[in-house]
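Accompanying notes for the structure given below.
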Amino acid sequence: MLTTARIRSPYPSLLLTWLSYFLVLAGLTWGLRLAASAVMVPEGLWPKAWWWGLRFDLAIAALLSGLTILVLWPLARFVPDLPRRGWLAPATAILLGAHLGDWLYWQETGRHIGYEAAELTQSADSLVLMLMAHWPWVLALLGITALVGLIKWVPATRQQRTWRIEASLLGVILATVLIVRGGPTGLPQGPHEALRIGSAPQAVAALNGAYAALYGLTKDNSLKAPDLDWLTLEEANQLVASLYPTPARLTPVAVEQPVAPINVVMVLLEGWSTAVAKPLADGTPVTPNFNVFAEHSLSVDAMISGGSRTTEGMFSTFCSYQNPLGRSVAQTQLAMHPYDCLPHQLSNAGWQSAFFQGSHEDTSGTGSFAQGLGFQASYGKDDIEQRTHPENYWGVYDEDLYRFVIDQMDSMTEPMLVGINTNTTHDRQLSPGSKRLVEETDSAAQAINVLHLADHELGDFLTALEARDWQHPWMVVLVADHTSRVDSSTLERYTIPFALHAPGLITPQRIPQVAHQRDIAPTVLDIIGLDMPHAMGISLLQPNAERFAEYYSNGSIGWISGDTLLEFSLSEPQQAACYRWRTDPLMKQPEACTAEAAHQQRLAYALTKLAQHNLYQGTTRAFHSPTQTATGIEHMQAGNRQAVEAHRDS
């Protein structure tokens, strides 16, 4: 009986084996997508996205099954008595690992992983530690992989090793290519195809996270300008001009105008969220030090972030410009374009500058990106030798980072610009000996506790700054680079804390309006006496300016003006929803959009179209100020440098 079985099936049927593998992986990834979407965006899963996203489920299953068969084919051809089990295990491990990575990334940013997958090698040590922290999930996935590995390949019905095996392989290749491409014509389908469903939540639920992750690994970091054809470029220019109506704001500062040598410390609070920072049910503040600081500072009712990653927040904050939609300028061809950023302006005007991180200096290219924006020096965790605590998964705790910053500031020349990206809240574990504010029953409680710890460390740093013997006036800007771990509405995933404290320079007040990260750099330069003529943001010191803010999330634009939040799909602009963001921050009660909302929608689309056009053309210095030249800016900065140096000498 055993001998007969060997004679009857000496090699596998590649096509039937591929089909069996394909069905197993398709069912597995489909189930994981439904489970993840039910948690991430339950409102978007039904009634359409659960089946509409099958194209991505089938594509990733076909691809991994096809690659497995390509490995099996030469061995089946030349190796006798080939083992029948275990061939599907590697593909299963890749699939499950990609799903897990996408799920962890979603918890941090509120979006599927994409191009970021190509940067994993830069943070391999941190990722390994994170996986160790989620060991129950890892064990479960390993168990599933082991079970799937028991599946046998399907034996052929003929014993002769003829051309039939190659014919079977050709069938596998054709079937794989057709399913991955999404049909016999057209380009291979990318994650952006999910937006065709016409709704951002449905697009998120339809897109297979593993497919998005593996697709990101296959692509380089080159970017392509989005197709925004609802308005013409001429229409966009006319509409955007109405958003920036004050000619004086576009007039460069005269060389003769004195420039105040003010020290600037800008702290990018890693992943801080207004939603997580809310007081507890009994009124206990989660961030008491920040709250007190904000009461004595310039603040706003709501600050909107310009992205979901540190480099995206940096570009929005320091360069006052819109990021490429859903992407970062860092480590792409766009990083080579000239930008009129705050660090560059201050460095050219005589400020000494440095950027500090608690994580690795070049995680996601952050350190080199900071220097590309104009910071003269960049430091990371490897530069910090004196430490009180062991590292968390990403780097040093803020206590050690702040101490290092203070020490380095003592060797810097005033006026100085100091940029800081904190790290305590990059992870969920507390430093040894830290007290818990709440009992850690779930991940939300962990986020509250680590935010409370970071606030305590921030309070000590602010005290040290106030006690420092400054030669010149100083200001501190506290703002999150982006949010993380916000399981709430899209609005709350982009609402961040902000406060600007400038003792003796500005009057502390809370502006009862919305603002954007892009408004920060023009505000800082306004206080110093410099201008930022090509900024998309508007100084918060301009009382009569029209305030607006927008975010981009999963193919949709959210636009806030006045008390109205308008959200619409860029691919289907006619599909819009309106909310009262002050009373409905969770976006549970949409209301009918008015004629004014329709006008605001055109403004939002126009601003996005024009900003993206200039970004990809490398002409951001021409944004809503076509008459201003780079030569004029450089002349202005040269005069400012002379003024600062003269003030320093005196």
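Can you pull out the residues in segment 62-89 that are within 27 Å of ALA194 (Cβ to Cβ), free of Cβ contacts under 8 Å to residues at least 60 places away in the same chain and of a type outside the set (Val, Ile, Thr)?
Residues satisfying the conditions are LEU64, LEU67.
In segment 582-608, which residues are of a type in the set (A, V, I, L, M, F, W, C), within 26 Å of the chain's Cα centre (by Cα) and not in a helix (DSSP H, G or I)? Steps first, answer last, please.
Residues of segment 582-608 that are of a type in the set (A, V, I, L, M, F, W, C), as a first pass: 586-587, 592-593, 595, 597-598, 603-604, 606-607.
Among the residues that remain, those that are also within 26 Å of the chain's Cα centre (by Cα) are: 586-587, 603-604, 606-607.
Once the filter is applied, which keeps residues that are of a type in the set (A, V, I, L, M, F, W, C), within 26 Å of the chain's Cα centre (by Cα) and not in a helix (DSSP H, G or I), segment 582-608 yields LEU586, MET587.
Considering only segment 81-88, I want to know if a residue exists there that is touching a helix residue (DSSP H, G or I) at 6+ places or on another chain (Cβ under 7 Å), surrounded by 17 or more Cβ atoms within 10 Å (Cβ to Cβ), within 13 Å of ALA26 (Cα to Cα) and not polar (S, T, N, Q).
To start, the set of residues in segment 81-88 that are touching a helix residue (DSSP H, G or I) at 6+ places or on another chain (Cβ under 7 Å) comprises 82, 87-88.
When the remaining residues are screened for being surrounded by 17 or more Cβ atoms within 10 Å (Cβ to Cβ), the result is 87-88.
Retained after the next criterion (residues that are within 13 Å of ALA26 (Cα to Cα)): 88.
Now drop any that are not not polar (S, T, N, Q), which leaves 88.
The answer is yes, given that some residue of segment 81-88 is touching a helix residue (DSSP H, G or I) at 6+ places or on another chain (Cβ under 7 Å), surrounded by 17 or more Cβ atoms within 10 Å (Cβ to Cβ), within 13 Å of ALA26 (Cα to Cα) and not polar (S, T, N, Q).
Could you check, for segment 188-211, whether at least one of its residues is modelled with pLDDT of 85 or more, of a type outside the set (Val, Ile, Thr) and either under 23 Å from GLN333 (Cα atoms) or open to solvent by 90 Å² or more (accessible area, probe 1.4 Å) (or both)?
There is no residue in segment 188-211 that is modelled with pLDDT of 85 or more, of a type outside the set (Val, Ile, Thr) and either under 23 Å from GLN333 (Cα atoms) or open to solvent by 90 Å² or more (accessible area, probe 1.4 Å) (or both).
So how many residues does segment 515-538 have that are out of contact with any Leu (no Cβ under 8 Å at 6 or more places or on another chain) and of a type in the set (Gly, Ala, Ser)?
Count: 3.
Give LEU58, LEU15, LEU54 a once-over and let me know the one that is open to solvent by 70 Å² or more (accessible area, probe 1.4 Å) and either at pLDDT 85 or above or touching a Gly at 6+ places or on another chain (Cβ under 6 Å) (or both).
Values: LEU58 fails: open to solvent by 70 Å² or more (accessible area, probe 1.4 Å); LEU54 fails: open to solvent by 70 Å² or more (accessible area, probe 1.4 Å).
Selected residue: LEU15, the only one of LEU58, LEU15, LEU54 that is open to solvent by 70 Å² or more (accessible area, probe 1.4 Å) and either at pLDDT 85 or above or touching a Gly at 6+ places or on another chain (Cβ under 6 Å) (or both).
From the list ALA117, ALA167, ALA146, which one is under 25 Å from the mean Cα position of the chain (by Cα) and either at pLDDT 75 or above or part of a helix (DSSP H, G or I) (or both)?
Numbers: ALA167 fails: under 25 Å from the mean Cα position of the chain (by Cα); ALA146 fails: under 25 Å from the mean Cα position of the chain (by Cα).
From the options ALA117, ALA167, ALA146, the qualifying one is ALA117.
In the list ASP487, ASP519, ASP442, which residue meets the criterion of being touching a residue at least 40 places away in the same chain (Cβ under 8 Å) and closer than 24 Å to PRO285 by Cβ?
Working: ASP519 fails: closer than 24 Å to PRO285 by Cβ; ASP442 fails: touching a residue at least 40 places away in the same chain (Cβ under 8 Å).
On inspection, the qualifying residue turns out to be ASP487.
Only strands (runs of 3 or more DSSP E) wholly contained in segment 438-521 count here; list those with 2 or more residues that are surrounded by fewer than 16 Cβ atoms within 10 Å (Cβ to Cβ). Talk me through it step by step, then tell me what you get.
On the way: elements: 474-480, 498-501, 509-516.
Those strands (runs of 3 or more DSSP E) span 509-516.
Which residue, of LEU586, LEU566, LEU570, is touching a residue at least 40 places away in the same chain (Cβ under 8 Å) and buried (at least 20 other Cβ atoms within 10 Å of the Cβ)? First the steps, then the outcome.
On the way: LEU586 fails: buried (at least 20 other Cβ atoms within 10 Å of the Cβ); LEU566 fails: touching a residue at least 40 places away in the same chain (Cβ under 8 Å).
Selected residue: LEU570, the only one of LEU586, LEU566, LEU570 that is touching a residue at least 40 places away in the same chain (Cβ under 8 Å) and buried (at least 20 other Cβ atoms within 10 Å of the Cβ).
Each row is one residue, and each column tells you yes or no for (1) within 20 Å of ASP301 (Cβ to Cβ); (2) aliphatic (A, V, I, L, M).
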| residue | (1), (2) |
| --- | --- |
| SER484 | no, no |
| SER488 | yes, no |
| GLN517 | yes, no |
| ILE538 | yes, yes |
| LEU541 | yes, yes |
| SER553 | no, no |
| ILE560 | yes, yes |
| LEU570 | no, yes |
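What tally of residues in segment 525-548 results from selecting those that are in contact (Cβ under 8 Å) with a residue 40 or more places away in the chain and not in a loop (DSSP other than H, G, I, E, B)?
Total meeting the criteria: 4.
Among the residues of segment 408-428, is any in contact with a helix residue (DSSP H, G or I) (Cβ under 7 Å, 6 or more places away or on another chain), among the polar types (S, T, N, Q), at pLDDT below 95 and farther than 23 Å from ILE520 by Cα?
The answer is no, given that none of the residues of segment 408-428 is in contact with a helix residue (DSSP H, G or I) (Cβ under 7 Å, 6 or more places away or on another chain), among the polar types (S, T, N, Q), at pLDDT below 95 and farther than 23 Å from ILE520 by Cα.
Going through segment 344-396 one residue at a time, which ones are part of a strand (DSSP E or B) and closer than 21 Å to LEU417 by Cα? Break it down into steps so the answer makes sense when it comes.
Residues of segment 344-396 part of a strand (DSSP E or B): 352-357, 359, 378-379, 395.
Within segment 344-396, GLN352, SER353, ALA354, PHE355, PHE356, GLN357, SER359, SER378, TYR379 meet the criteria.
Please give the number of the condition GLY555 fails out of (1) over 21 Å from GLU235 (Cα atoms); (2) open to solvent by less than 10 Å² (accessible area, probe 1.4 Å); (3) modelled with pLDDT of 95 or more; (4) under 24 Å from the mean Cα position of the chain (by Cα).
Every listed condition holds for GLY555 apart from (3).
Looking at (1) open to solvent by less than 10 Å² (accessible area, probe 1.4 Å); (2) of a type outside the set (Lys, Arg); (3) at pLDDT 95 or above, which is the one condition that is false for PRO533?
Tallying (1) open to solvent by less than 10 Å² (accessible area, probe 1.4 Å); (2) of a type outside the set (Lys, Arg); (3) at pLDDT 95 or above, PRO533 fails exactly one: (3).
Please enumerate the residues belonging to segment 36-51 that are under 23 Å from the mean Cα position of the chain (by Cα) and either without any contact (Cβ under 8 Å) to a residue 40 or more places away in the chain or surrounded by fewer than 19 Cβ atoms within 10 Å (Cβ to Cβ) (or both).
Of everything in segment 36-51, those that are under 23 Å from the mean Cα position of the chain (by Cα) and either without any contact (Cβ under 8 Å) to a residue 40 or more places away in the chain or surrounded by fewer than 19 Cβ atoms within 10 Å (Cβ to Cβ) (or both) turn out to be ALA38, VAL39, PRO42, GLU43.
Which condition does THR162 not pass, out of (1) part of a helix (DSSP H, G or I); (2) surrounded by fewer than 16 Cβ atoms within 10 Å (Cβ to Cβ); (3) at pLDDT below 85; (4) over 34 Å from the mean Cα position of the chain (by Cα), if it passes all the others?
Looking at each condition in turn, THR162 falls short on (1).
Please count how many residues of segment 504-525 are at pLDDT 95 or above and either on the phi > 0 side of the Ramachandran plot or out of contact with any strand residue (DSSP E or B) (no Cβ under 7 Å at 6 or more places or on another chain) (or both).
Residues in segment 504-525 being at pLDDT 95 or above and either on the phi > 0 side of the Ramachandran plot or out of contact with any strand residue (DSSP E or B) (no Cβ under 7 Å at 6 or more places or on another chain) (or both): 5 in total.
The values are calculated or read from the model by the stated rules, or taken from the named source; none is laboratory data. Predicted model only: the values in this text are computed from it and were never measured. Methodologically, a virtual Cβ is constructed for each residue, glycine included, from the backbone with ideal geometry; neighbour enumeration extends over all protein chains shown. Just so you know, the surface numbers come from the protein's heavy atoms only, side chains and all, with ligands and any DNA or RNA stripped out. Shrake-Rupley method; radii C 1.70, N 1.55, O 1.52, S 1.80 Å.
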